[in-house]
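Scroll down for the structure; my scribbles are underneath it.
The values are calculated or read from the model by the stated rules, or taken from the named source; none is laboratory data. Being a predicted model, the structure only gives us computed values, none of them experimental. Heads up, the Cβs are rebuilt from the backbone with ideal geometry, glycines too, and the neighbour counts pull from every protein chain shown. These area figures cover heavy atoms from the full protein model, side chains too; ligands, DNA and RNA do not enter into them. Shrake-Rupley method; radii C 1.70, N 1.55, O 1.52, S 1.80 Å.
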Amino acid sequence: MEIETLSSKQLECFQQSDARINLFEGPVRAGKSFIALLRWLEFCRSGPPGALIICGRTDKTIKRNIISPLQDMVGPAVQYSIGKGEVTIYNRTMYVVGANDDRSEAKIRGSEFAGALLDEVTLLPETFFKMLLSRLSIPGAQLFASTNPDSPY
């Protein structure tokens, strides 16, 4: 899908996702995951140098919701090394981290990241999310996260 074929709302989200924290939320099937992935690809090309991270509830959901769609979008430019827990896109290595409970924050403690892509951010433990925000310490670092409606709280 080219940018020209995006809905006006998707195009607006893509163009305005330049904040430190960018949250893509809305109804099911609104295209927010797609636009988050498209924006992430742009960030991988133009964002500051440094380590990147892709997070979700489990490695399995990250593969299904992020890595496979990215491979569909850009083909062999996405290299996934399951054993190492790493993905390489456009010669940038990013760590794949599942965060299914409060102990998950230990997986990123002491790290420093230039960018993060989160799947279903409302399902991640708050302790992990807070730790991740503190680890996005490289100047120009950005976070991109998608979520589906669940509860008004």
Does any residue in region 67-84 that is at pLDDT below 90 come within less than 7 Å, Cβ to Cβ, of a residue that is surrounded by fewer than 13 Cβ atoms within 10 Å (Cβ to Cβ) and not hydrophobic (A, V, I, L, M, F, W, C) six or more places away or on a different chain, and which pairs are these? Ala77/Tyr90
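From the set of residues in region 1-36 that are of a type in the set (Phe, Trp, Tyr) and more than 18 Å from Thr122 (Cβ to Cβ), which is modelled with the highest pLDDT? Give the derivation first.
Going residue by residue through region 1-36, those that are of a type in the set (Phe, Trp, Tyr) are 14, 24, 34.
The next check asks that each one be more than 18 Å from Thr122 (Cβ to Cβ); those that pass are 14, 34.
Numbers: Phe14: 79, Phe34: 88.
Restricting to residues being of a type in the set (Phe, Trp, Tyr) and more than 18 Å from Thr122 (Cβ to Cβ), the top hit is Phe34.
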Could you give every pair whose Cβ atoms fall below 7 Å, whose first residue belongs to region 1-27 and is within 15 Å of Met73 (Cβ to Cβ), and whose second residue is open to solvent by 100 Å² or more (accessible area, probe 1.4 Å) and modelled with pLDDT of 85 or more, counting only separations of at least 6 or pairs across chains? none
Considering every residue within region 102-111, establish whether at least one is touching a residue at least 12 places away in the same chain (Cβ under 8 Å), in a strand (DSSP E or B), surrounded by 13 or more Cβ atoms within 10 Å (Cβ to Cβ) and not charged (D, E, K, R). no
Of the residues Thr93, Thr58, only one is of a type outside the set (Phe, Trp, Tyr), more than 22 Å from Leu38 (Cβ to Cβ) and open to solvent by 30 Å² or more (accessible area, probe 1.4 Å); which? Thr58
Within region 69-76, is even one residue of a type in the set (Gly, Ala, Ser), closer than 25 Å to Gly140 by Cβ and open to solvent by less than 40 Å² (accessible area, probe 1.4 Å)? no
